[in-house]
Protein chains: 6
Amino acid sequence: MNIHFNPIKCLFRQLPAQMVSAHCDLPCGVYDPAQARIEALSVFAIATKMADSSDTDYRTRAIIIKEQRAELVKHHLWVLWTDYFKPQHLEQHPNLHDLFWRATKQAGETKHLHDAATAQKLLDLIDEIAEIFAATKAAAK
Amino acid sequence: MNIHFNPIKCLFRQLPAQMVSAHCDLPCGVYDPAQARIEALSVFAIATKMADSSDTDYRTRAIIIKEQRAELVKHHLWVLWTDYFKPQHLEQHPNLHDLFWRATKQAGETKHLHDAATAQKLLDLIDEIAEIFAATKAAAK
Amino acid sequence: MNIHFNPIKCLFRQLPAQMVSAHCDLPCGVYDPAQARIEALSVFAIATKMADSSDTDYRTRAIIIKEQRAELVKHHLWVLWTDYFKPQHLEQHPNLHDLFWRATKQAGETKHLHDAATAQKLLDLIDEIAEIFAATKAAAK
Amino acid sequence: MNIHFNPIKCLFRQLPAQMVSAHCDLPCGVYDPAQARIEALSVFAIATKMADSSDTDYRTRAIIIKEQRAELVKHHLWVLWTDYFKPQHLEQHPNLHDLFWRATKQAGETKHLHDAATAQKLLDLIDEIAEIFAATKAAAK
Amino acid sequence: MNIHFNPIKCLFRQLPAQMVSAHCDLPCGVYDPAQARIEALSVFAIATKMADSSDTDYRTRAIIIKEQRAELVKHHLWVLWTDYFKPQHLEQHPNLHDLFWRATKQAGETKHLHDAATAQKLLDLIDEIAEIFAATKAAAK
Amino acid sequence: MNIHFNPIKCLFRQLPAQMVSAHCDLPCGVYDPAQARIEALSVFAIATKMADSSDTDYRTRAIIIKEQRAELVKHHLWVLWTDYFKPQHLEQHPNLHDLFWRATKQAGETKHLHDAATAQKLLDLIDEIAEIFAATKAAAK
């Protein structure tokens, strides 16, 4: 992710209240790939910890929480795909559907597989999405 | 909020995987005040839109969604308060408990009251929390 | 809606238990467009009832429930799109991504608009998805 | 399981839209035993897969998902019992209460026990409920 | 409800840890009609407040919360009916099924109707259930 | 816990409907520490049963349910802290914030650790909260 770009900053710093609400057509609220990314970071952290432990009870808890976090990643990505992105965005970014499909499938992979590399791939795909998101935000200004 | 500071950036850019997981003691995952802030921005946007509409059905939907978003703000703040902050943080920031209490109560206020000013007060309190969070992150390096 | 077509019938009638379980790779469970369709029928029924009532409290309850049902439609469709469909299905049905995008966006429309025609469009899109689903099931035999 | 019987078919095929909505008195929405049955099929599929694996992490995920699916079975059956069925149905089908009690208890059993036979018993009880449901639908015409 | 009898007290005061766990066969946990009753008290309180207000936005929020609380009443009662009560309890209390059916249907009524009398009927039915629950607890000692 | 004191009894026995609703300012509903306590009793019972079993599948289910119950304890305590307690209560009980912080952290501990002693500490902290709650109720009369 272009981490020098901060969607929240742009959103809140540079847009007056009217514009903030203007991009929020009920029931969508405010969109931000950071929501999916934070949950994916949690999946990554859990997978990293699982590599260091063979305790069955500990792994059970790690898997329970990883399932939940990975599901939240899927949910946040699905909402972004369906509710935020519009046909004109698709024209400018024709790989949008495929990218979200691969990202949400990768979130599923982080449930199946318990290693950090699988979670890193998810983070990379979310970063690709975040860049497209940032580009559409910049274009909207 | 000091928006030039980006917790995700610090978290992901400057910490190796071990340290990422090090601060994540299951079942907490990764912490970030941005989660509460994004939902609070949604509450703010909804309140702003409600000011422009007297349509009963529209207001019903706005209130339904605002209730959900404000509840998510409360949840994310509660988790941050209980799971992330440690006694040493409290020593350095003795107003921590009171700040979280007022912030979560203010989230409740944004359910009662439907105006943007009430939501702005919530955003300001979350920014105070985000600054303390950033300070503890900086101190941990 | 094309009510002569019935995916569950195909699923139950033509597949023995082994095959039902065979297509379930954890954590997906069993897939069936009927889940989304039943919730969409509920959205349709609620919209039909709303047309007959101007009672504010009644409409409030109808909108609350319709929001929930429409959200469930979105969820069931998202899961089907991400977890059930595979790249080979996409080759055979290149409109898959666009169809799911329009269907989930239409589910969002049934939250915005309270009329039966908007819900009927959602049912029609789910029927299109159900036909593709049935075709992939038939091809898998 | 009696897979020749299909309630959704009855529902979709034989009732016009008006009647579909007519039996929906808010907040119930549309009723269909297929919702419980699809989740029970998932429980059955998971139990079948568990019989083939002794991998601890895999079994953990299977149990997590089976708990969720079995809980959804219970929920869908409870809603059907309380919201759909009326006193006149009980007169015609005096075993209704006992049948739902045994079915929801059996759903609990599929959490305790991880074998396909326990899940099959659940499917059989849901089929008994589906037949009564279909009979009441037919009688309503 | 026989309010001199306190299930929690008996449960915790008079039973050693072994017996506490003995009656808890996973996944049931600890049972107590108080869970349903507390939510029903909330429904009652909300209905009482609704009688005093004609403000549309206020009523919207009251209805949203009442729907949630009434749903929680249903859920707690369903769990109690399916998971706690056993066949021998049914022999001693043959009206058990009917009582739970009427109580959960009454919880649904408190969604339809917004008056305190409807909520009071729900509380009375929960009290009947609580008395039977207390009798089975006493018999188990 | 002063088990001779029963919040529900006081609430329902000694307060007329007006006062019941009077202390319920939407969206709070009715407050009662018993909600957190019942879930904590479940955590305690599960931990006690885990001590007696080394079956991996059984422990997996126990951990899944214990995670859920402990999370419910946290939620009920957070709601009580934010929504019920007012500044004047804090003046009379200056340890309120610290007590809730330790109690919710202890609920987290019951996820990490699987022994009954850890769950007992949680119950003791909830009892301290219940006594303060009872004192504020008595003072309100």
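The values are calculated or read from the model by the stated rules, or taken from the named source; none is laboratory data. No experiment lies behind these values; they were computed from the predicted model shown. Cβ placement follows ideal geometry from the backbone for every residue including glycine, while neighbour counts extend to all protein chains displayed. For the accessible areas, the whole protein counts, side chains as well, though only heavy atoms, and no ligand, DNA or RNA atoms are used. Shrake-Rupley method; radii C 1.70, N 1.55, O 1.52, S 1.80 Å.
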Per 5 Å bin, what is the whole-percent P(r) computed from every C-alpha pair distance within segment F:30-140?
2, 13, 25, 22, 15, 10, 7, 4, 2, 1, 0
Have a look at segment D:90-128 and report residues whose accessible surface goes down by 50 Å² or more when the remaining protein chains are included, against the chain on its own, probe 1.4 Å, ligands and DNA/RNA excluded.
D:HIS97, D:TRP101, D:LYS105, D:HIS112
Spin-label zone in segment F:99-132 - amide nitrogen under 14 Å from a point set 7 Å from the Cα of F:GLU71 along the C-beta vector
F:108, F:111-112
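Relative contact order, percent, of segment A:30-140 when contacts are C-alpha pairs under 8 Å separated by at least 6 residues?
On the way: 104 pairs, mean separation 42.4, N = 111.
In percent, rounded to a whole number, it is 38.
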In Å², rounded to a whole number, the accessible area per residue of segment C:30-140 with probe 1.4 Å is 32
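If I compute solvent accessible area with a 1.4 Å probe over the protein chains, what percent of it on segment A:53-129 is carbon and sulfur? The partial results should precede the final answer.
On the way: 1490 of 2780 Å².
The computed percentage sits at 54.
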Rough spin-label spacing in nm, given labels placed 7 Å along Cα→Cβ, for B:LYS121 and C:ALA51
4.5
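Could you run the numbers on buried accessible area between B and F, total for both chains, 1.4 angstrom probe, in Å² to the nearest 100? If you can, show how the numbers build up before the last one.
Numbers: alone 8410 and 8390 Å², together 14790 Å².
Using a 1.4 Å probe on protein heavy atoms, the buried area is about 2000 Å².
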